2 protein chains.
Amino acid sequence: MSRTDELYSSLTQLLREAAVLSSCGSVLSWDEQTYMPANGAGHRAEQLGLLAGIAHERATSPRIGELLSELEQQTDLGDADSDRAVNVREARRTFDRQTKLPRRLVEELSRTTTMSQQAWVGAREDADFTAFLPWLEKMIGLKREEAQAVGYGAGVPYDALLDDYEPGMTAAEIERVFSPLRDELVKLVAAIQHSSRRPEVEILSRHYPKTPQIVLAEGASKAIGFNFDAGRIDESAHPFCSGFGPGDCRLTTRYNDHHFNSAFFGVMHESGHGIYDQGLPGDSFGLGIGQATSLGIHESQSRLWENFVGRSRSFWRYLFPTAQIGFPKALGDVPMDDFYFAINDVRPSLIRVEADEVTYNLHIMLRFEIEQQLISGAMQPADVPAAWNEKVMKYFGLTVPSDANGCLQDIHWSAGLLGYFPTYALGNMYAAQFYIAAQRDLGDLDDQFSRGVFRPLKEWLNEKIHRHGKRYSAKRLVEVVTGESLSHGPLITHLRTKYSELYGL
Amino acid sequence: MSRTDELYSSLTQLLREAAVLSSCGSVLSWDEQTYMPANGAGHRAEQLGLLAGIAHERATSPRIGELLSELEQQTDLGDADSDRAVNVREARRTFDRQTKLPRRLVEELSRTTTMSQQAWVGAREDADFTAFLPWLEKMIGLKREEAQAVGYGAGVPYDALLDDYEPGMTAAEIERVFSPLRDELVKLVAAIQHSSRRPEVEILSRHYPKTPQIVLAEGASKAIGFNFDAGRIDESAHPFCSGFGPGDCRLTTRYNDHHFNSAFFGVMHESGHGIYDQGLPGDSFGLGIGQATSLGIHESQSRLWENFVGRSRSFWRYLFPTAQIGFPKALGDVPMDDFYFAINDVRPSLIRVEADEVTYNLHIMLRFEIEQQLISGAMQPADVPAAWNEKVMKYFGLTVPSDANGCLQDIHWSAGLLGYFPTYALGNMYAAQFYIAAQRDLGDLDDQFSRGVFRPLKEWLNEKIHRHGKRYSAKRLVEVVTGESLSHGPLITHLRTKYSELYGL
């Protein structure tokens, strides 16, 4: 065993242990949101707090720093894209980020997040922004401190926060693609609004009994490749995907008897995340190669299966007869094309999580613009409602009747997740780019979907994206896989083509 | 703050942390047995192993030993039954037991247990005792070593193992009550076998659809006082009760469409454990006062609700009309007395977990006799099948057709649980003693049950038993609560009275 082998083996053992410990917290969080009885909340908070503390202690142990420094001086780690070099690079990245934050700041962020989220819940219920304002101010202050502690390159503190979710990405790079996308989307939305065609959306709010909803959603999840021997789907108030570790990935959804989309497309979306998670190399658990490369890439996988597959006509050529059998009263007499149009209804709306494929990205841009200004100091937290409402009018032509449906609708800022929103729209762009590349490699995907054949696409994603973990940054991965850099083009082409046909533009 | 206060506060913080950590393992074990997908087993074992290691490290940290030694020298801890004195005493007990075992032995026991359980599963499937024999030999050897390391008073190594489950109890003390109980039971079983009366047990294997089974079992659990805001019931292959901590206690059961007893009495049984757990003082979590005093007392609570309440005529006066509504086809035309007789069918059988209230204790005695001899060295593991089969003939008049239905039926020995079996029968005796005392204090319990009134009994148990945690040992608790010491009398009186009436003896 060489010196490098020894050091590397010691390092990976420490990293794995920290990851195993933190994955125990994932199990507890999942249970908290799925099955935990109400009175268990206090003890659960204690359990999670203790686990997080021990995991953080281990992840920041000076021993890891020593091993990294020594390893970085070795000359035989392998080339920059090799597993070992990637794992060392990513360990350094995580270690630096975690050790740069002073303990006081970590603790204050943790405490503030808990209280701020509680304040947000109450403020949203009461549509009372002033009740949340002090918490937003405190949170913005702490996140600015975090950005200073972590450091940033181009003089933009926001980049330091963004980097936590989308490593290597900058606000400038995002703005480069958001800017043309914004212009194109506003035009497309306007054209759709001027169209005389409208889907019969009432179809989707008929009675959809829960049991056949479960059967259809789980059947679709299985069909596209989510492995139920290594995962499952439960119910929670807010859908999520949580990978516990090799062989165990949990998805959740919620069922609404009078809203077809909620559970079905929720499951398609989370299954996309789950398929990514299940495609990560299990033997690299806790190491860079075993981890998703960015939130944007994660989101590209969920959006690809939810929208590019799940909202395509060819997919419903395959699945609609099954849906009609499951819901004879709701869908028995509905032509497939009417159903397909209904699930692709586009209309400006106030709530992000209910938005369609086209307007969704505008919701993201609005938030991205505001949070950048909050972090740079160009906007004061007290001015958020006015700025929000103005942008909603500008992008959607809508008046915000209450902050509950406006700037208080999302949990993110109360939870300290600043720099997170843009990854949703990046995901849509990456998905469109990957989809084109997959079509180029795999031939007529529509023909495959209409026959219920999803394995080629799933295995292509496994091969091109999943198995690499963090080998490539999101930016480089897109280049390696598609031959092009991040671009808004494929997404806008996809949307224009699809919706021009539907709305007769 | 006095020096004692300071020391005590430091000690309890360390103990609580170790307990919180170990309760994280409880959540993961529960999930493993209820929801975990098959492929998650490997990672789950890693998670549990790591958590157990850290929890053990913390529970045996030298700092605890130092604090205990200092505290034991203080004169102002309070009297021996005070919370503080009890918590220090119990911390010492646990600390000594854990630190007396050499690390090598702990690790070998852990490794052997995993492999031995796997070997047992295969051996039972193949009814092949010789495949299990080497593991049984190894396990007995390790448990004898454990007894030596822990130490024991009266020259009986078995007592050191028993003490882990039933603190302070000795084999001699158990034999003192088992001996007359054995004689009485054998006579009672013989008398029942000579009776010409037989219940129509076919009633219980009619079709019992799962959904109304869940409704009835959960309704009964709630009625007797299990708090669903602080607990829930899920499904698992082997029913259990696991308290995660204050406000969160999980029960499990299994549903069989053609066997009424399995889920219903399983839930009554686990609810008894759960009500004890929910009655422990939550603010003493991790300390002696917050823990069940012994397995025997725990079992007394499950048996009391399962048998003394759940298999009583008065209970079914209350619940049978509801059961008939839930299962109109199975029970619509069944007279209540026939149902009551059927759920109290007594017959000698080979399998412990399916045994009735009367013969059950004989199953325990047989195991107790054998395991004592194994630990003392008076019996060799190779001789277990012969000894087992001889005792089954002696107690039940039955021939054991296969070791799978004989000495290979229970998981306990393969899991290293030697000294555990007698606590089941102790639980039955304690239950009978508590039940008499409760009747004395609360008046006509049968009248209360027939009206669906269970709160007085539940609150009496909370007050007399649950809230004390480990304040009193099992032995002393029985004396404090009932005014009598451990005795077989109340149990045999209960059984004789009940079954004489049923079988016309």
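The values are calculated or read from the model by the stated rules, or taken from the named source; none is laboratory data. Only a predicted model underlies this, so the values are computations on that prediction, with no experimental measurement involved. Note: ideal-geometry Cβ built from the backbone for every residue, glycine included; neighbour counts use all protein chains shown.
Picking from residues in segment A:62-82 that are within 30 Å of B:G25 (Cβ to Cβ) and either buried (at least 18 other Cβ atoms within 10 Å of the Cβ) or within 30 Å of the chain's Cα centre (by Cα) (or both), the one that is farthest from the other protein chains (Cβ to nearest Cβ) is A:L67.
Regarding B:I411, is this residue over 27 Å from B:R496 (Cα atoms), among the β-branched types (V, I, T) and surrounded by fewer than 21 Cβ atoms within 10 Å (Cβ to Cβ)? It is true that B:I411 is over 27 Å from B:R496 (Cα atoms), among the β-branched types (V, I, T) and surrounded by fewer than 21 Cβ atoms within 10 Å (Cβ to Cβ). Is it the case that some residue within segment B:1-19 is touching an Asp or Glu at 6+ places or on another chain (Cβ under 7 Å), facing chain A (nearest Cβ under 10 Å) and either more than 20 Å from B:A91 (Cα to Cα) or buried (at least 17 other Cβ atoms within 10 Å of the Cβ) (or both)? Looking through segment B:1-19, none of the residues is touching an Asp or Glu at 6+ places or on another chain (Cβ under 7 Å), facing chain A (nearest Cβ under 10 Å) and either more than 20 Å from B:A91 (Cα to Cα) or buried (at least 17 other Cβ atoms within 10 Å of the Cβ) (or both). Would you check which residues across segment A:20-29 are touching a strand residue (DSSP E or B) at 6+ places or on another chain (Cβ under 8 Å) and more than 8 Å from chain B (Cβ to nearest Cβ) and list them? Matches in segment A:20-29: A:S26, A:S29. In the set (1) in contact (Cβ under 8 Å) with a residue 12 or more places away in the chain; (2) within 14 Å of chain B (Cβ to nearest Cβ), the condition left unmet by A:L136 is number (2). When each of A:A59, A:A55, A:A45, A:A41 is tested for being under 20 Å from A:S9 (Cα atoms), within 13 Å of chain B (Cβ to nearest Cβ) and of a type outside the set (S, T, N, Q), the lone residue that passes is A:A55.
Residues of segment A:474-505 that are surrounded by fewer than 17 Cβ atoms within 10 Å (Cβ to Cβ), in contact (Cβ under 8 Å) with a residue 40 or more places away in the chain and in a loop (DSSP other than H, G, I, E, B): A:G483, A:E484, A:G504, A:L505. Looking at segment B:1-92, the helices (runs of 4 or more DSSP H) lying wholly inside it that each contain 2 or more residues that are closer than 30 Å to A:N227 by Cβ, among the aliphatic types (A, V, I, L, M) and at pLDDT below 95 sit at B:41-59. With a requirement of 2 or more residues that are of a type in the set (F, W, Y) and away from chain B (no Cβ under 14 Å), the helices (runs of 4 or more DSSP H) lying completely within segment A:157-246 that satisfy it span A:157-165.
Scanning segment A:384-408 for residues that are touching a Pro at 6+ places or on another chain (Cβ under 8 Å), surrounded by 17 or more Cβ atoms within 10 Å (Cβ to Cβ) and small (G, A, S) gives a single hit, A:G406.
Looking only at residues in segment B:399-421 that are of a type in the set (A, V, I, L, M, F, W, C) and at pLDDT 95 or above, the one that is farthest from the chain's Cα centre (by Cα) is B:V400. Beta carbons closer than 7 Å, at least 6 apart along the sequence or on distinct chains, never pair a first residue in segment B:199-212 that is within 20 Å of B:E235 (Cα to Cα) and of a type outside the set (A, V, I, L, M) with a second that is at pLDDT below 95 and crowded, with 17+ Cβ neighbours inside 10 Å.
Yes or no, residue by residue, for (1) on the phi < 0 side of the Ramachandran plot; (2) of a type outside the set (D, E, K, R); (3) crowded, with 18+ Cβ neighbours inside 10 Å:
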| position | (1), (2), (3) |
| --- | --- |
| A:Y152 | yes, yes, no |
| A:A160 | yes, yes, yes |
| A:G168 | no, yes, no |
| A:D183 | yes, no, no |
| A:V186 | yes, yes, no |
| A:I192 | yes, yes, yes |
| A:Y208 | yes, yes, yes |
| A:P212 | yes, yes, no |
